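Novice: This is the structure, below, for whatever I ask next.
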Amino acid sequence: MAVYWSNLLFITLGSSGIIFLIAGYIMLKYPPKNINHFYGYRTRRSMESKEKWDFAQIFSAREMIKQAWYMISIAIMGLFLNPEEMFSMFLSIGFIIFSVVIMLFKTEKKLKQKFN
């Protein structure tokens, strides 16, 4: 049992994945109705029109949920691999940043395709 709680890859990516999963689900079920600067997927392109805003909220929420499952999967693999602590930390932070970048890239690309 102690192996789970001392495995930094499992803890960091697992908890981040759960947070992404919950946030994505909330955004999918309760997307912001109006363009705002506080809640939702907020980029210059997504805030140009109501139609783009509504599309971006749903698409980005689905992407966030996908990225969450990838994080959780890698966290579970980390239990079996049990990498060194420093490597786990860099891998976790790197994968979280990579996931956010992928989500942003895919959403912006889809917005550009659909509305240009």
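Novice: So Y30 ticks every box in (1) surrounded by 18 or more Cβ atoms within 10 Å (Cβ to Cβ); (2) farther than 19 Å from V100 by Cβ but one. Which box is left unticked?
Specialist: In the conditions (1) surrounded by 18 or more Cβ atoms within 10 Å (Cβ to Cβ); (2) farther than 19 Å from V100 by Cβ, Y30 misses (1) alone.
Novice: Further, regarding this structure: Looking for something more than 23 Å from K112 (Cβ to Cβ) and open to solvent by 40 Å² or more (accessible area, probe 1.4 Å) - is there at least one such residue anywhere in the range 46-60?
Specialist: no
Novice: Within the range 61-105, which residues are open to solvent by 80 Å² or more (accessible area, probe 1.4 Å) and under 21 Å from E48 (Cβ atoms)?
Specialist: R62, F105
Novice: Residues F20, F95, F38: which one is free of Cβ contacts under 8 Å to residues at least 12 places away in the same chain and among the hydrophobic types (A, V, I, L, M, F, W, C)?
Specialist: F38
The values are calculated or read from the model by the stated rules, or taken from the named source; none is laboratory data. From a predicted model like this one, the values you see are computed outputs, not experimental measurements. Counting neighbours? That spans all protein chains shown, and the Cβs are built from the backbone with ideal geometry, glycine included. Note: accessible area is taken over every heavy atom of the protein model, side chains too, but ligands, DNA and RNA are not part of it. Shrake-Rupley method; radii C 1.70, N 1.55, O 1.52, S 1.80 Å.
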